[in-house]
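To start, the structure itself, in structure tokens.
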Amino acid sequence: MLYKSTRGSSNEVPFSEVLLGGLAPDGGLYMPEYFPSMTLEQINEMEGLEYHELASKILFPFVEGEISESDFSELVEKTYRVFDIEDVVNLVELEKDQWVLELFHGPTLAFKDVAMQLLGALMDYFSKKQGKRIAVLGATSGDTGAAAISACSRYSNIDVFVLYPHGRVTEVQRRQMTTSQAKNVHALAVETDFDGCQAMVKDMFLDSSMTKEGTRLIAANSINWTRCMTQSVYFFWSYLRLKDTASSLSFSIPSGNFGHAYAGWTAKQIGLPIDRLLVATNSNDVLHKLFSNNLYEKNNVNKTLAPSMDISVASNFERLLYNLYNDNPDLLLEAMNTFKEKSIQIPNDRWPEIQKIFPSLASNDEQIVNQIKETFSNHNYLLDPHTATGIRAANKLALKEETIVTMATAHPAKFIDAMKSALPEHQVNEPSQLKPTKEREEVFSVLPNNLNAVKDYVRTNLK
């Protein structure tokens, strides 16, 4: 499998170059040259596989040619041993046709662990194979940074630089990033919002002066294709457990950077019979405006109870737009080059199809709090604020006899302030993963909203 840039000016590269890189040299996102194809019969034959076995089968075509099938299967199996439950993810039925897929049973209690743990293991494998040191660089609105640190800090040949918006993540999220006590981890609190952090990361990947001989700079964000492909697996896992009872299967996805929703699109392109992918946002509703009005434009970012979705530029939308332009990089490049000056629209000939596949709903803080209260009252089930947007979208947008699985993206204990707002009398049980973060000293650096200052810090600390 080779990979090409959405913007068309970079050479096709093998999987290891996609993994051990960030943006393509032309500023685009790497995409597989084609999506592997599976028939419904082939998908159904995977019923009963353990999660790591399912992941190996679905993902191997994306890495084929650079790692043997047996080595890849062994690496995947080892990756998922660190999760709290044997199945890695967990389906919970709230009521008829309404399910929650718990994706928060990894080390940092967020869905990012499912992909990030495999990303870290693959980085370690290929860095040793190539004899290079790795510097992981990422921006986070909360959960990605902690997941990257957890996945990579144990590997001595990997350094981790995480940029997060100073004062705009929860205390739990911050402590998960700042208390690793690993010397190869750099938590950088930047005095800007997430979009500012993301823009800095993208700039550094395109700056040749940031590279150091013998060291590869790697993206931890969902702009790294490995994240998207790995997240597609649990869509298959859900289908295989519900296929005998669900006549129509859709997913409701709390969405910020659009990587999670694009993973569902990837599963659908491979052959999974997904009807709809509901896009749930908070009041930062750039994606809701896109899928309801066919208008994609950058807005100001509001601070909300669901901070991981406090985003105004959904980087992975570029991947979907590329597909909707029939993988034509010239059309994609023209749209992206003028994005700062004018909005982007989905091509008219594809709009009816996309409007049907991606219905959307935005929820403000009051609606998030009310949904947490309602779900706890009706089902005795706790939702974190991000998952609450997904449940609300599932409730409001459900069609008759449609089974909807809502992605539970984080454990409620990560968002205590939101839980107290919704359920002040309820004590949220603290998972064992959080205990060390309260006992250890925090180590982080506060940096100004200045690209050169951030670059200088990273350059100085690259090994």
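Taken together, the values in this text are just the output of simple stated rules run on the coordinates, not laboratory data. What you are looking at is a predicted structure, and each value in this text was computed from that prediction instead of being measured. All Cβ positions, even for glycine, are placed from backbone atoms using ideal geometry, and neighbour counts span all protein chains on display.
Given the rule -39500 (n - 2.57) for each run of at least 4 DSSP H residues, summed and divided by the residues of the chain, what is its mean residue ellipticity at 222 nm, to the nearest 500 deg cm²/dmol? Working shown, then result.
Values: 20 runs with 195 residues, N = 463.
After summing the helix terms and dividing by residue count, I get -12500 deg cm²/dmol.
So, by mean Cβ neighbours within 10 angstrom, what's the order for 89-100, 421-432 with the highest one leading?
89-100, 421-432
What's the extension gain from THR338 to LYS396 if we count 0.36 nm per residue and subtract their Cα-Cα distance?
Full-extension gain reported as 17.4 nm.
From Cα coordinates alone, what are the radius of gyration and Dmax values for the range 322-444 in angstrom?
Both quantities, over Cα of the range 322-444: 20.3, 56 Å.
Hey, which lysines would be in cross-link range of LYS128, C-alpha to C-alpha under 27 Å, not counting anything within fewer than 8 residues on its own chain?
LYS4, LYS57, LYS78, LYS112, LYS183, LYS202, LYS212, LYS455, LYS463
How large is the dipole of the range 166-229 about the Cα centre if only Lys and Arg carry +1 and Asp and Glu carry -1, each at its Cβ, rounded to the nearest 20 debye?
Using Cβ point charges on Lys, Arg, Asp and Glu, the range 166-229 gives about 320 debye.
Order the peptides 238-248, 132-142 from the highest to the lowest mean number of other Cβ atoms within 10 Å of their residues.
Going from most to least packed, we get 132-142, 238-248.
Report ³J(HN,Hα) in whole Hz for each residue of the range 331-336, in order, from the Karplus equation J = 6.51 cos²θ - 1.76 cosθ + 1.60 where θ = phi - 60°; Gly and Pro get x.
5, 5, 4, 4, 5, 6
Give, rounded to the nearest 20 debye, the magnitude of the charge dipole that the range 22-176 has about its Cα centre when Lys and Arg contribute +1 at Cβ and Asp and Glu contribute -1 at Cβ. Show your work: numbers first, answer last.
Working: 13 positive and 25 negative charges, 235 e Å.
With Lys and Arg at +1 and Asp and Glu at -1, about 1120 debye.
Can you give the extra length, in nm with one decimal, that the chain gains between THR39 and GLU442 once fully stretched, where that is 0.36 nm per residue apart less the Cα-Cα distance? It would help to have the intermediate numbers written out before the result.
On the way: separation 403, 0.36 × 403 = 145.08 nm, distance 5.00 nm.
Length gained between THR39 and GLU442: 140.1 nm.
When the expected Rg is taken as 2.2 N^0.38 Å, what fraction or multiple of it is the alpha-carbon Rg of the range 72-175? Mind dumping the intermediate values first?
Numbers: Rg = 15.5 Å, N = 104, 2.2 N^0.38 = 12.8 Å.
The range 72-175 yields a ratio of 1.21.
Which order do peptides 318-330, 188-200, 59-71 fall in by mean Cβ count within 10 Å, highest first?
188-200, 318-330, 59-71
Stokes-Einstein D for the chain at 4 °C, 1.567 mPa s, Kirkwood Rh over Cα pairs, in µm²/s?
Result for D is 59 µm²/s.
Along the positive direction of the dipole of the range 54-169 (beta-carbon charges: Lys, Arg +1; Asp, Glu -1; about the Cα centre), which of LEU163, VAL82, GLY65 reaches farthest?
Farthest along the dipole direction, towards plus: LEU163.
Which residues among the range 433-460 fall inside the zone where the amide N is under 19 Å from a point 7 Å beyond the Cα of LYS303, along Cα→Cβ?
Counting backbone N atoms under 19 Å from the label point, the list is 445-450.
Please give the FRET efficiency for LYS129 paired with ASP456, using the beta carbon to beta carbon distance and R0 = 25 Å, rounded to the nearest 0.05.
Plugging the Cβ-Cβ distance into 1/(1 + (r/R0)^6) gives 0.20.
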